[in-house]
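Peer 1: This structure is in C-alpha coordinates; I'll ask about it shortly.
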Amino acid sequence: MSPQKSKFAYSIMWNCGLIIGGSLIQVIALKGIATPHQFVPGGLFGVSSLLYYVTDALNPGLLFLLLNIPMFVLGYIYISRRFLWYSALAMISITLLYQLPVTIHIENQLYAALSLGVLLGAGAGMVLRSLGSNGGLDVIAVILYQKYNIGIGKTYFGFNLILFSLSFASLDNDLVIASMIAVFITSQTLEYALSMFNQRKLAFIVSEKSEAIADRVMTTLKIGTTLLPAMGAYRKENRTVMMVVINNIQLKRLEEIVFTTDEYALFIVENTFSVLGSTFSKRKIY
(Lines give C-alpha, C1' and ligand atoms only; values in the text may rest on other atoms or scores of the structure.)
Protein backbone atom coordinates (compact mmCIF):
# COMPACT_ATOMS: atom_id res chain seq x y z
CA MET A 1 0.00 0.00 0.00
CA SER A 2 1.41 3.39 -0.99
CA PRO A 3 1.90 6.11 1.67
CA GLN A 4 -0.96 8.11 0.09
CA LYS A 5 -3.38 5.15 0.27
CA SER A 6 -2.24 4.32 3.80
CA LYS A 7 -2.81 7.92 4.89
CA PHE A 8 -6.27 7.93 3.27
CA ALA A 9 -7.21 4.65 5.00
CA TYR A 10 -6.47 6.31 8.35
CA SER A 11 -8.27 9.56 7.52
CA ILE A 12 -11.26 10.64 9.59
CA MET A 13 -13.45 11.27 6.53
CA TRP A 14 -12.91 7.75 5.11
CA ASN A 15 -13.49 5.99 8.43
CA CYS A 16 -16.57 8.02 9.31
CA GLY A 17 -17.98 7.40 5.83
CA LEU A 18 -17.51 3.64 6.18
CA ILE A 19 -19.08 3.63 9.64
CA ILE A 20 -22.14 5.73 8.80
CA GLY A 21 -22.73 3.95 5.48
CA GLY A 22 -22.35 0.52 7.05
CA SER A 23 -24.58 1.47 9.97
CA LEU A 24 -27.30 2.64 7.58
CA ILE A 25 -27.27 -0.68 5.72
CA GLN A 26 -27.47 -2.57 9.01
CA VAL A 27 -30.43 -0.48 10.20
CA ILE A 28 -32.27 -1.13 6.93
CA ALA A 29 -31.77 -4.86 7.57
CA LEU A 30 -32.58 -4.75 11.29
CA LYS A 31 -35.62 -2.49 11.29
CA GLY A 32 -36.90 -3.35 7.83
CA ILE A 33 -36.55 -7.14 8.10
CA ALA A 34 -35.41 -8.46 11.49
CA THR A 35 -37.85 -6.66 13.80
CA PRO A 36 -41.03 -7.16 11.69
CA HIS A 37 -40.28 -10.90 11.46
CA GLN A 38 -39.10 -11.05 15.10
CA PHE A 39 -35.74 -12.49 14.08
CA VAL A 40 -32.87 -12.59 16.59
CA PRO A 41 -29.91 -11.19 14.60
CA GLY A 42 -27.13 -12.47 16.86
CA GLY A 43 -24.58 -10.49 18.87
CA LEU A 44 -25.52 -7.73 21.26
CA PHE A 45 -28.25 -6.43 18.97
CA GLY A 46 -29.70 -9.93 19.12
CA VAL A 47 -29.85 -9.62 22.92
CA SER A 48 -31.55 -6.23 22.51
CA SER A 49 -34.08 -7.74 20.09
CA LEU A 50 -34.82 -10.70 22.37
CA LEU A 51 -35.38 -8.39 25.34
CA TYR A 52 -37.71 -6.25 23.23
CA TYR A 53 -39.76 -9.25 22.05
CA VAL A 54 -40.10 -10.61 25.58
CA THR A 55 -40.61 -7.39 27.58
CA ASP A 56 -41.83 -4.88 24.92
CA ALA A 57 -39.68 -2.27 26.71
CA LEU A 58 -38.16 0.66 24.76
CA ASN A 59 -37.03 -0.58 21.31
CA PRO A 60 -34.03 -2.64 20.13
CA GLY A 61 -32.10 0.47 19.09
CA LEU A 62 -32.30 2.11 22.53
CA LEU A 63 -31.67 -1.18 24.34
CA PHE A 64 -28.59 -1.64 22.15
CA LEU A 65 -27.35 1.78 23.29
CA LEU A 66 -27.75 0.88 26.97
CA LEU A 67 -26.07 -2.51 26.63
CA ASN A 68 -23.12 -0.92 24.87
CA ILE A 69 -22.11 1.28 27.80
CA PRO A 70 -20.05 -1.40 29.64
CA MET A 71 -18.61 -2.59 26.31
CA PHE A 72 -17.16 0.83 25.57
CA VAL A 73 -15.67 1.09 29.04
CA LEU A 74 -13.76 -2.11 28.22
CA GLY A 75 -12.82 -0.74 24.80
CA TYR A 76 -11.43 2.42 26.40
CA ILE A 77 -9.34 0.42 28.87
CA TYR A 78 -8.01 -2.36 26.64
CA ILE A 79 -7.85 -1.05 23.08
CA SER A 80 -7.50 2.66 22.26
CA ARG A 81 -9.33 5.95 22.36
CA ARG A 82 -9.46 6.11 18.57
CA PHE A 83 -11.11 2.69 18.43
CA LEU A 84 -13.51 3.80 21.16
CA TRP A 85 -14.64 6.97 19.40
CA TYR A 86 -15.08 5.34 16.01
CA SER A 87 -17.03 2.47 17.61
CA ALA A 88 -19.11 5.00 19.53
CA LEU A 89 -19.97 6.67 16.23
CA ALA A 90 -21.19 3.31 14.89
CA MET A 91 -23.25 2.66 18.02
CA ILE A 92 -24.84 6.13 17.99
CA SER A 93 -25.45 5.93 14.22
CA ILE A 94 -27.29 2.61 14.57
CA THR A 95 -29.33 3.90 17.51
CA LEU A 96 -30.35 7.16 15.80
CA LEU A 97 -30.93 5.68 12.36
CA TYR A 98 -33.06 2.95 13.93
CA GLN A 99 -35.58 5.62 14.94
CA LEU A 100 -36.28 6.38 11.26
CA PRO A 101 -39.21 4.66 9.50
CA VAL A 102 -37.93 1.71 7.47
CA THR A 103 -40.20 -0.84 5.78
CA ILE A 104 -39.27 -3.77 3.54
CA HIS A 105 -42.12 -6.04 2.51
CA ILE A 106 -40.91 -9.66 2.45
CA GLU A 107 -43.55 -12.19 3.45
CA ASN A 108 -41.62 -15.44 3.00
CA GLN A 109 -39.67 -16.19 6.18
CA LEU A 110 -36.77 -17.90 4.41
CA TYR A 111 -36.38 -15.09 1.87
CA ALA A 112 -36.44 -12.60 4.73
CA ALA A 113 -33.73 -14.50 6.63
CA LEU A 114 -31.49 -14.66 3.55
CA SER A 115 -31.99 -10.95 2.77
CA LEU A 116 -31.31 -10.04 6.39
CA GLY A 117 -28.07 -12.01 6.41
CA VAL A 118 -26.73 -10.46 3.21
CA LEU A 119 -27.56 -6.86 4.18
CA LEU A 120 -26.43 -7.22 7.77
CA GLY A 121 -23.14 -8.86 6.78
CA ALA A 122 -22.41 -6.24 4.13
CA GLY A 123 -23.10 -3.36 6.53
CA ALA A 124 -21.11 -4.90 9.39
CA GLY A 125 -18.24 -5.62 7.01
CA MET A 126 -18.13 -1.99 5.90
CA VAL A 127 -17.88 -0.82 9.50
CA LEU A 128 -15.17 -3.36 10.34
CA ARG A 129 -13.15 -2.12 7.37
CA SER A 130 -12.75 1.09 9.36
CA LEU A 131 -10.61 1.68 12.45
CA GLY A 132 -13.64 1.09 14.68
CA SER A 133 -16.26 -1.57 15.11
CA ASN A 134 -20.02 -2.01 15.24
CA GLY A 135 -19.88 -1.81 19.03
CA GLY A 136 -21.42 -4.47 21.20
CA LEU A 137 -19.83 -7.88 20.84
CA ASP A 138 -17.28 -6.58 18.34
CA VAL A 139 -15.49 -4.83 21.21
CA ILE A 140 -15.19 -8.03 23.25
CA ALA A 141 -14.16 -9.99 20.15
CA VAL A 142 -11.37 -7.55 19.27
CA ILE A 143 -10.08 -7.53 22.87
CA LEU A 144 -10.00 -11.35 23.05
CA TYR A 145 -8.31 -11.53 19.66
CA GLN A 146 -5.61 -9.00 20.51
CA LYS A 147 -4.94 -10.22 24.04
CA TYR A 148 -5.43 -13.99 23.77
CA ASN A 149 -5.47 -14.71 20.00
CA ILE A 150 -9.01 -16.09 20.25
CA GLY A 151 -10.57 -15.86 16.80
CA ILE A 152 -13.38 -13.35 16.33
CA GLY A 153 -15.52 -16.07 14.76
CA LYS A 154 -15.10 -18.30 17.83
CA THR A 155 -16.22 -15.49 20.14
CA TYR A 156 -19.35 -14.92 18.06
CA PHE A 157 -20.07 -18.64 17.84
CA GLY A 158 -19.90 -19.12 21.61
CA PHE A 159 -22.00 -16.03 22.35
CA ASN A 160 -24.65 -16.83 19.74
CA LEU A 161 -24.84 -20.44 20.94
CA ILE A 162 -25.96 -19.16 24.34
CA LEU A 163 -28.24 -16.51 22.80
CA PHE A 164 -30.09 -18.96 20.56
CA SER A 165 -30.44 -21.47 23.39
CA LEU A 166 -32.28 -18.78 25.36
CA SER A 167 -34.29 -17.85 22.26
CA PHE A 168 -35.61 -21.40 21.88
CA ALA A 169 -37.04 -21.09 25.38
CA SER A 170 -38.79 -17.78 24.58
CA LEU A 171 -39.72 -17.74 20.88
CA ASP A 172 -41.25 -19.98 18.24
CA ASN A 173 -38.79 -22.63 17.04
CA ASP A 174 -39.25 -21.72 13.36
CA LEU A 175 -38.33 -18.11 14.12
CA VAL A 176 -35.18 -19.13 15.93
CA ILE A 177 -34.11 -21.48 13.14
CA ALA A 178 -34.70 -18.73 10.56
CA SER A 179 -32.63 -16.42 12.75
CA MET A 180 -29.80 -18.96 12.82
CA ILE A 181 -29.88 -19.13 9.01
CA ALA A 182 -29.69 -15.33 8.88
CA VAL A 183 -26.71 -15.27 11.27
CA PHE A 184 -24.89 -17.89 9.19
CA ILE A 185 -25.43 -15.87 6.00
CA THR A 186 -24.33 -12.74 7.88
CA SER A 187 -21.03 -14.35 8.87
CA GLN A 188 -20.34 -15.53 5.31
CA THR A 189 -21.15 -12.12 3.82
CA LEU A 190 -19.08 -10.40 6.50
CA GLU A 191 -16.04 -12.55 5.69
CA TYR A 192 -16.43 -11.77 2.01
CA ALA A 193 -16.82 -8.03 2.67
CA LEU A 194 -13.65 -8.01 4.77
CA SER A 195 -11.60 -10.02 2.30
CA MET A 196 -12.73 -8.79 -1.11
CA PHE A 197 -10.11 -6.01 -1.17
CA ASN A 198 -7.38 -8.21 0.33
CA GLN A 199 -7.88 -11.53 -1.42
CA ARG A 200 -4.77 -12.72 -3.20
CA LYS A 201 -3.47 -15.90 -4.78
CA LEU A 202 -0.33 -17.52 -3.42
CA ALA A 203 1.42 -19.39 -6.24
CA PHE A 204 4.26 -21.90 -6.01
CA ILE A 205 6.09 -22.87 -9.21
CA VAL A 206 8.40 -25.89 -9.19
CA SER A 207 10.59 -25.84 -12.28
CA GLU A 208 14.12 -26.33 -13.54
CA LYS A 209 13.75 -22.86 -15.08
CA SER A 210 12.51 -21.00 -11.98
CA GLU A 211 15.00 -18.15 -12.37
CA ALA A 212 13.97 -17.54 -15.98
CA ILE A 213 10.29 -17.58 -14.96
CA ALA A 214 11.00 -15.16 -12.11
CA ASP A 215 12.80 -12.76 -14.47
CA ARG A 216 9.84 -12.78 -16.88
CA VAL A 217 7.35 -12.26 -14.05
CA MET A 218 9.25 -9.29 -12.64
CA THR A 219 9.71 -7.76 -16.08
CA THR A 220 6.22 -8.40 -17.48
CA LEU A 221 3.95 -8.22 -14.43
CA LYS A 222 6.10 -5.77 -12.40
CA ILE A 223 5.77 -7.80 -9.20
CA GLY A 224 8.40 -9.30 -6.92
CA THR A 225 9.04 -12.99 -6.49
CA THR A 226 10.88 -15.19 -3.98
CA LEU A 227 13.07 -18.16 -4.87
CA LEU A 228 13.15 -20.95 -2.29
CA PRO A 229 15.75 -23.74 -2.26
CA ALA A 230 14.21 -27.22 -2.24
CA MET A 231 15.07 -30.86 -2.86
CA GLY A 232 13.09 -33.55 -4.67
CA ALA A 233 12.28 -36.34 -2.21
CA TYR A 234 12.56 -39.17 -4.77
CA ARG A 235 15.73 -38.36 -6.70
CA LYS A 236 17.28 -36.09 -4.07
CA GLU A 237 17.86 -33.46 -6.75
CA ASN A 238 18.11 -29.80 -5.86
CA ARG A 239 15.25 -27.65 -7.08
CA THR A 240 14.30 -23.99 -6.87
CA VAL A 241 10.70 -23.17 -5.99
CA MET A 242 9.39 -19.76 -6.98
CA MET A 243 6.82 -18.19 -4.67
CA VAL A 244 4.72 -15.21 -5.70
CA VAL A 245 1.65 -13.43 -4.32
CA ILE A 246 -0.63 -12.20 -7.07
CA ASN A 247 -4.17 -10.96 -7.61
CA ASN A 248 -6.93 -12.77 -9.51
CA ILE A 249 -6.60 -10.58 -12.60
CA GLN A 250 -2.91 -11.37 -13.09
CA LEU A 251 -3.23 -15.10 -12.37
CA LYS A 252 -3.87 -16.21 -15.97
CA ARG A 253 -0.98 -14.07 -17.20
CA LEU A 254 1.26 -15.72 -14.63
CA GLU A 255 0.10 -19.16 -15.77
CA GLU A 256 0.91 -18.23 -19.38
CA ILE A 257 4.42 -17.08 -18.44
CA VAL A 258 5.10 -20.26 -16.45
CA PHE A 259 4.07 -22.76 -19.11
CA THR A 260 5.51 -20.89 -22.10
CA THR A 261 8.84 -20.92 -20.26
CA ASP A 262 8.66 -24.49 -18.98
CA GLU A 263 5.85 -26.75 -20.15
CA TYR A 264 6.83 -29.34 -17.51
CA ALA A 265 6.57 -26.94 -14.57
CA LEU A 266 4.40 -27.68 -11.55
CA PHE A 267 2.00 -24.78 -10.88
CA ILE A 268 0.30 -24.66 -7.46
CA VAL A 269 -2.17 -21.93 -6.47
CA GLU A 270 -3.83 -21.30 -3.10
CA ASN A 271 -6.26 -18.66 -1.87
CA THR A 272 -4.95 -16.31 0.77
CA PHE A 273 -6.97 -13.59 2.50
CA SER A 274 -4.37 -11.80 4.60
CA VAL A 275 -1.21 -10.46 2.98
CA LEU A 276 0.47 -7.79 5.08
CA GLY A 277 3.68 -5.86 4.62
CA SER A 278 5.93 -4.90 1.70
CA THR A 279 3.82 -3.40 -1.11
CA PHE A 280 0.63 -5.07 0.13
CA SER A 281 -1.75 -4.03 2.90
CA LYS A 282 -0.37 -2.61 6.10
CA ARG A 283 -1.29 -3.98 9.50
CA LYS A 284 -4.35 -2.16 10.85
CA ILE A 285 -3.54 -0.42 14.12
CA TYR A 286 -6.58 0.50 16.21
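Peer 1: Gaussian network model of the chain, Cα springs within a sub-10 Å range: biggest mean-square fluctuation belongs to which of SER23, SER48, SER11?
Peer 2: Checking each option, the largest mean-square fluctuation is seen for SER11.
Peer 1: For segment 208-247, place one equal point scatterer on every Cα, skip the solvent, and apply the Debye formula. What is log10 of I(q)/I(0) at q = 0.15, 0.29, 0.30 Å⁻¹?
Peer 2: For segment 208-247, the Cα-only Debye profile gives -0.39, -0.95, -0.99.
Peer 1: Listed here are the pairs LYS201/LYS236; LYS209/LYS236; LYS31/LYS147; which of them are more than 27 Å apart at the Cα? Mind dumping the intermediate values first?
Peer 2: Values: LYS201/LYS236 29 Å; LYS209/LYS236 18 Å; LYS31/LYS147 34 Å.
Pairs exceeding the cut-off: LYS201/LYS236; LYS31/LYS147.
Peer 1: Scan (i) 61, 45, 34; (ii) 72, 40, 35; (iii) 55, 44, 32 for the value of Cα extents along the principal axes in Å calculated from this model and give just the label.
Peer 2: (ii)
Peer 1: I'd like the chymotrypsin sites (Phe, Trp or Tyr not before Pro) in segment 106-200 restricted to DSSP loop residues with at most 15 other Cβ atoms within 10 Å, sorted by number.
Peer 2: Numbers: sites: TYR111, TYR145, TYR148, TYR156, PHE157, PHE159, PHE164, PHE168, PHE184, TYR192, PHE197; in loops: PHE197.
Here the chymotrypsin sites (Phe, Trp or Tyr not before Pro) that fit, given the DSSP loop and packing criteria, are PHE197.
Peer 1: Mind checking which of SER130, SER11, THR186 is farthest towards the positive end of the chain's charge dipole, using Cβ charges of +1 (Lys, Arg) and -1 (Asp, Glu) about the Cα centre?
Peer 2: The residue sitting most towards the positive pole is SER11.
Peer 1: Moving on to the next point. Can you tell me, using C-alpha contacts under 8 Å and at least 6 residues apart, the relative contact order of the chain as a whole percent?
Peer 2: After rounding, I find 22 percent.
Peer 1: Put +1 on the Cβ of each Lys and Arg and -1 on the Cβ of each Asp and Glu in segment 1-142; which of VAL40, GLY22, VAL118 then has its Cα farthest toward the positive end of the dipole?
Peer 2: GLY22
Peer 1: Can you give me the three principal axis dimensions of segment 139-265 from its C-alpha atoms, in Å, biggest first?
Peer 2: Computed over the Cα atoms, the extents are 66, 30, 29 Å.
Peer 1: Loop by DSSP (not H, G, I, E, B), at most 16 other beta-carbon atoms within 10 Å: where is the longest site-free stretch of the chain for trypsin sites (Lys or Arg not before Pro)?
Peer 2: Details: sites that count: LYS222, ARG235, LYS236, LYS282, ARG283, LYS284.
Looking at the chain, 1-221 is the longest stretch - no exposed trypsin sites (Lys or Arg not before Pro) with at most 16 other Cβ atoms within 10 Å.
Peer 1: Also, I was wondering about something else. If you place +1 on the Cβ of every Lys and Arg, -1 on the Cβ of every Asp and Glu, and leave all else neutral, what size is the dipole of the chain about its Cα centre, to the nearest 20 Debye?
Peer 2: Result for the chain is approximately 1080 debye, rounded to the nearest 20.
Peer 1: Related question: Who wins for biggest fluctuation among LEU131, LEU251, LEU266 in a Gaussian network model of the chain, springs between alpha carbons below 10 Å?
Peer 2: Fluctuation is largest for LEU266.
Peer 1: Given the options ILE181, ILE19, ILE104, which has the most mean-square fluctuation in a GNM of the chain, springs set between C-alpha atoms less than 10 angstrom apart?
Peer 2: ILE104
Peer 1: Keeping all protein chains in place, calculate the accessible area per residue for segment 133-273 (probe 1.4 angstrom), answer in Å². Intermediate results must be reported in sequence, preceding the final value.
Peer 2: Numbers: 8520 Å² over 141 residues.
Roughly 60 Å² per residue, with all protein chains present.
Peer 1: Further question: Semi-axes, largest first, in whole Å: what does sqrt of 5 times each Cα gyration tensor eigenvalue give for segment 81-218?
Peer 2: Numbers: eigenvalues 265, 85, 60 Å².
Semi-axes, largest first: 36, 21, 17 Å.
Peer 1: While we're on this one: What does the accessible area of MET13 come to, in Å² to the nearest 10, when a probe of 1.4 Å is used?
Peer 2: So the heavy atoms of MET13 present about 150 Å² to solvent.
Peer 1: Using only helices, what value at 222 nm comes out for the chain when you add -39,500 (n - 2.57) per DSSP H run of length 4 or more and divide by the total residues, to the nearest 500 deg cm²/dmol? Present the calculation step by step, with values, prior to reporting the outcome.
Peer 2: Numbers: 11 runs with 173 residues, N = 286.
It lands at -20000 deg cm²/dmol.
Peer 1: Additional query: For the peptides 49-60, 83-94, what is the packing order when you average, over each peptide's residues, the other Cβ atoms within 10 Å and list the highest mean first? Each step should come with its number before you reach the end.
Peer 2: Numbers: 49-60: 16.4, 83-94: 22.9.
Top to bottom by mean Cβ count within 10 Å: 83-94, 49-60.
Peer 1: OK, next. DSSP H helices in the chain with Cα extent of 30 Å or more along the helix axis and mean Kyte-Doolittle hydropathy at least 0.5? Don't skip to the answer; put the middle values down first.
Peer 2: Working: long enough: 173-195 (33 Å, 1.06).
The answer, listed by residue number, is 173-195.
Peer 1: Same structure again: Label points 7 Å out from Cα along the Cβ direction at LEU110 and ASN271: separation in nm?
Peer 2: Rounded to a tenth, the inter-label distance reads 2.4 nm.
Peer 1: Principal axis lengths of segment 1-127 from Cα atoms, whole Å, largest first?
Peer 2: 49, 29, 21
Peer 1: Suppose R0 equals 30 Å. What FRET efficiency, 1/(1 + (r/R0)^6) with r the Cβ-Cβ distance, do THR103 and TYR78 give to the nearest 0.05? Provide the component values of the computation, followed by the final result.
Peer 2: Values: r = 39 Å, r/R0 = 1.31.
About 0.15, to the nearest 0.05.
The values are calculated or read from the model by the stated rules, or taken from the named source; none is laboratory data. Source: prediction; values computed, not measured. So basically every Cβ, Gly included, is an ideal-geometry build from the backbone, and we count neighbours across all protein chains shown. For the accessible areas, the whole protein counts, side chains as well, though only heavy atoms, and no ligand, DNA or RNA atoms are used. Shrake-Rupley method; radii C 1.70, N 1.55, O 1.52, S 1.80 Å.
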